[in-house]
Amino acid sequence: MGDCIFCKIINKEIPSEIVYEDEKVIAFKDVNPAAPIHILVVPKKHIETLLDVSKEDKDLISYIYQTINKIAKEQKFAQNGFRVIANCGKDSGQEVMHIHFHVIGGKKLGDKIVD
Ligand code: DGP
């Protein structure tokens, strides 16, 4: 959609370090990494927040997790483990209003999910 930064990345109007792409999803390195591995997995369909996910997105959401699985194996961090985070709305600090899944790893992560 017009001003969405992730739509611009999808449309290659803004450069990014893409690690995976197909017709349904794109995955690229987070510009501000929280860990050695920090990849954002993003559906190409513009969905603003997790609250906007509907029944028609059933296959897409499953596909996103299958893609995360594939990337983790290809990039060899599946074995060591990783964390997936999806922020939604104000209290979560969601900055980009296009759903995305943070895939974080490459080190032993803290045992608290939130601080
Ligand atoms: P969230 O708070 O869940 O909305 O996280 C948005 C993430 O997107 C944040 O970790 C930084 C990242 N990000 C924002 N703009 C860009 C960009 O232009 N390029 C890349 N690669 N990442 C971005």
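Read-outs: derived from the displayed coordinates by stated rules, not from any lab. This is a predicted model, so every value here is computed, not measured. Methodologically, a virtual Cβ is constructed for each residue, glycine included, from the backbone with ideal geometry; neighbour enumeration extends over all protein chains shown.
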(request) May I ask you to sort 26, 5 by Cβ crowding, counting other Cβ atoms within 10 Å and putting the fewest first? (result) 5, 26
(request) Just order 55-65, 34-44 by mean Cβ neighbour count inside 10 Å, highest at the front, would you? (result) 34-44, 55-65
(request) Using only Cα atoms, tell me the angle between helix 58-74 and the longest principal axis of the chain; keep it within 0 to 90° and round to the nearest 10. (result) 40 degrees
(message) Every cysteine in the chain with no other Cys Cβ under 4.7 Å from its Cβ, please list them in numeric order.
(response) 88
(message) A 21 angstrom limit on the alpha carbon distance is what I want to check against. Which of 24/73; 12/73; 76/107 exceed it?
(response) 12/73
(message) Starting from 0.36 nm per residue, how many nanometres of slack lie between residue 4 and residue 17 once their C-alpha separation is accounted for?
(response) 2.9 nm
(request) Mind giving me the nanometre distance, one decimal, between the label points for residue 31 and residue 45, set 7 Å out from Cα along Cα→Cβ? (result) 2.7 nm
(request) Pick out, from 96, 15, 81, the residue whose Cα sits farthest towards the positive end of the charge dipole of segment 6-115, with +1 on the Cβ of Lys and Arg and -1 on the Cβ of Asp and Glu. (result) 81
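Restricting to Cα atoms and excluding each atom paired with itself, what does the Kirkwood estimate give for segment 50-110 in Å?
13.1 Å
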(message) Can you give the local net charge around residue 44? Use residues other than it whose beta-carbon is closer than 10 angstrom to its beta-carbon, Lys and Arg +1, Asp and Glu -1.
(response) -1
(request) Using just the alpha carbons, could you tell me how many Å³ per residue the convex hull of the chain encloses? (result) 113 Å³
(request) Report the charge-dipole magnitude of the chain in Debye, nearest 20, computed about the Cα centre from +1 at each Lys and Arg Cβ and -1 at each Asp and Glu Cβ. (result) 460 debye
